[in-house]
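Visitor: Shown below is the structure under consideration.
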Amino acid sequence: MDHGLAIYVLASLALILTPGQDMLYVISRSDKLFPPSIAPDVMDKLAKAGVNAKYFEIDTDFGHSATGVEWAKWGPTLKAFVEGLSK
């Protein structure tokens with residue numbers, strides 16, 4: 001696991017997230033820029049920081065571009081997440 005990359009992700013998130021905040025963390029199975037291998041460490045640290053993070057991994061070969069190209073694969077998860085924010 002690339003701990004340097006996980007630390008970069010966490011440091012970036014720390015600038016915008018606060019304890020108790022909700023977050024949907026979406027990664028592509030084939031993402032080389034932010035590989036899924038960093039997700040367990042990121043999710044663990046988010047939980048320890050008090051962030052209510054949910055994780056979703058897109059099963060795709062489109063790598064880092066998957067969230068746009070494969071929107072239909074994670075759109076229902078995003079919809080459920082956003083609807084849950086108002087509850």
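The values are calculated or read from the model by the stated rules, or taken from the named source; none is laboratory data. Small disclaimer: the values here were computed from a predicted structure and weren't measured. Quick reminder, even Gly has a Cβ in these numbers, built from the backbone with ideal geometry, and neighbours come from all protein chains shown.
Visitor: Taking the stated definitions as given, is Tyr8 under 14 Å from the mean Cα position of the chain (by Cα) and in contact (Cβ under 8 Å) with a residue 24 or more places away in the chain?
Guide: No.
Visitor: Do you know which residues across the stretch 29-48 are basic (Lys, Arg) and either under 10 Å from the mean Cα position of the chain (by Cα) or assigned to a loop (DSSP other than H, G, I, E, B) (or both)?
Guide: Listed by number, the residues that qualify are Arg29, Lys32.
Visitor: Something else: Can you find a residue in the stretch 16-28 that is free of Cβ contacts under 8 Å to residues at least 24 places away in the same chain, assigned to a helix (DSSP H, G or I) and exposed (fewer than 14 other Cβ atoms within 10 Å of the Cβ)?
Guide: Within the stretch 16-28, none of the residues are free of Cβ contacts under 8 Å to residues at least 24 places away in the same chain, assigned to a helix (DSSP H, G or I) and exposed (fewer than 14 other Cβ atoms within 10 Å of the Cβ).
Rundown of residues vs (1) modelled with pLDDT under 90; (2) not hydrophobic (A, V, I, L, M, F, W, C), yes/no style:
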{"position": "Leu5", "(1), (2)": "yes, no"}
{"position": "Ser12", "(1), (2)": "yes, yes"}
{"position": "Lys54", "(1), (2)": "no, yes"}
{"position": "His64", "(1), (2)": "no, yes"}
{"position": "Ala72", "(1), (2)": "no, no"}
{"position": "Gly84", "(1), (2)": "no, yes"}
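Visitor: Being of a type in the set (A, V, I, L, M, F, W, C) and within 18 Å of Phe81 (Cα to Cα): is that true of Ala47 here?
Guide: Taking the combined requirement at face value, the residue satisfies it.
Visitor: Given the criterion over 14 Å from the mean Cα position of the chain (by Cα), in a helix (DSSP H, G or I) and of a type outside the set (Phe, Trp, Tyr), identify the matching residue among Ala66, Ala80.
Guide: Going through Ala66, Ala80 in turn, just one is over 14 Å from the mean Cα position of the chain (by Cα), in a helix (DSSP H, G or I) and of a type outside the set (Phe, Trp, Tyr): Ala80.
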